[in-house]
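Right, one structure below, let's go through it.
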Amino acid sequence: MKKIILGSLLALSIAVPALAHPPITVYVDQQEVVFADQAPVIVDDRTLVPMRKIFEAMDADVTWDEPSQTITSTRGSDVVTMTIGEKQVYKNGKVVYTMDVPAQIMQDRTMVPIRAVAVAFDANVAWDGINYVIDITTDGTTSGNYSKQIHADDGTLLATVSLTYSPLTSNSTAADKINKNIYDQMSQKASVMTVQMETAATAAYTKNPDSFQPYYYMGTYQAKGEGSDFASVVLEERTFMGGTETKTLSANTYNMKNGSDAALTDIVTDSEKELETLMEKGFSALIDQNPDAFYSDAKDRLSKNLDEVGFYLDNNAVVFYLNSGIIAPESAGVIAFSVPR
């Protein structure tokens, strides 16, 4: 173990350009979809893929109407439509999904959000954020993860609950113990969130069916910073229950010798007081760098909420984070900085 010191800020989650990422691989029913002319892209944390390839991979016919800029896809008796620049996805004339990022044209290719396509045709989609792999199953099954769609009596999609985990890969008793623990957490959370989303979405749809937008809860667990000594598991949660999507981050770090929970003081030799100073200086530097992105009293809020700071390991760094709403508005997302360890 060694001390960590405040050096260059290695990661900042606001007001920075998108970082390069590995190529995205897409599978539909275990068959890889090859995108020859235009690769999938990530826009505002949403993956967009070429329209025709993804619809055809799901055994759907697709047509493009140039004057109206409308995509129409048919599979069996279902007709799905979406329009360039608009966020609503229609299935058989009803809105079944509202996209954060609408369909758009890139380099003369029509690009559609892959999750919107999957949800529209009642397919399940799992995202492996470590290997950048998307796995779509059209028969309603998942690959060891959890996905549930909740429908009203009239068939309208009310809510989607999805949890995925990119597990630890070490061949060890500790890794097996941690992975089992995470899958147990997923099972419990899936049960709770399914009941919660069904209850809330049913009430909202019953009250105002014409303007209802389907609810969703997406929980993504990712193993990070896996080494022979420690590893972290980070949970990113996205929830929509009308209004604005909320995003939260939580993390646990484990001892890879025995699978037990590890505190930051188990990993580094800094004292708790030194770590508090480090965190305050790190977040204060972010506030000074871009003050307009934070609350006007962000530093006062920070000093009162240092116990809300979380951490996780990522490669050879320790990442410190605060969820939105603590020192910055919800729109800022998770605020984070990294230091080598």
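The values are calculated or read from the model by the stated rules, or taken from the named source; none is laboratory data. Everything quoted here is computed from the prediction, not taken from an experiment. Methodologically, a virtual Cβ is constructed for each residue, glycine included, from the backbone with ideal geometry; neighbour enumeration extends over all protein chains shown. For accessibility, only protein heavy atoms count, side chains too; no ligands or nucleic acids. Shrake-Rupley method; radii C 1.70, N 1.55, O 1.52, S 1.80 Å.
So what is the relative contact order of the range 223-336, in percent, for Cα pairs below 8 Å that sit 6 or more residues apart?
Relative CO of the range 223-336 lands at 26 percent.
Just checking my list (i) 94, 47, 28; (ii) 64, 48, 44; (iii) 69, 48, 43 against Cα extents along the principal axes in Å computed from this structure; which label fits?
(ii)
Name the residues whose placed amide hydrogens come within less than 5 Å of the amide hydrogen of V95, ignoring near sequence neighbours (fewer than 5 apart) on the same chain.
When sequence neighbours closer than 5 places are left aside, there are no close amide H contacts.
How big is the equivalent ellipsoid of the range 184-237 along its three axes, where each semi-axis is √(5λ) from the Cα gyration tensor, reported in whole Å from largest to smallest?
So the equivalent ellipsoid measures 35, 12, 5 Å along its semi-axes.
For the chain, what does the relative contact order come out to in percent, with C-alpha contacts under 8 Å and a separation of six or more?
16
In a GNM of the chain with a 10 Å cut-off on Cα contacts, which of V101, V43, V80 has the highest mean-square fluctuation?
Answer for the Gaussian network model of the chain: V43.
How about the range 224-286: which trypsin sites (Lys or Arg not before Pro) there lie in a loop by DSSP and see at most 13 other Cβ atoms within 10 Å?
Passing both the DSSP loop test and the Cβ count: K257.
Any of K180/K257; K177/K247; K247/K273; K224/K257 with alpha carbons more than 20 Å apart? Name them for me.
Over 20 Å apart, Cα to Cα: K177/K247; K247/K273.
Based on DSSP H runs of at least 4 residues, each adding -39500 (n - 2.57), what is the mean residue ellipticity at 222 nm of the chain after dividing by all its residues, to the nearest 500 deg cm²/dmol?
-7000 deg cm²/dmol
Compare G242, G259, G155 in a GNM of the chain, Cα atoms joined below 10 Å, and give the one with the largest fluctuation.
Among G242, G259, G155, the largest GNM mean-square fluctuation belongs to G155.
What's the longest uninterrupted piece of the chain once you rule out the GluC sites (Glu not before Pro) that are loop residues per DSSP with at most 16 other Cβ within 10 Å?
With GluC sites (Glu not before Pro) excluded where exposed in loops, the chain gives 87-244 as its longest stretch.
Can you give the net charge of the other residues whose Cβ lies under 11 Å from the Cβ of L249, counting K and R as +1 and D and E as -1?
Net charge in that neighbourhood comes out at 0.
Rounded to the nearest percent, how much of the accessible area of the chain (1.4 Å probe, protein heavy atoms only) is carbon and sulfur?
Ligands and nucleic acids excluded, carbon and sulfur give 47 percent.
Kindly report the accessible area of the chain per residue (heavy atoms of protein chains, probe 1.4 Å, no ligands, DNA or RNA), in Å².
Per-residue accessible area for the chain comes out at 49 Å².
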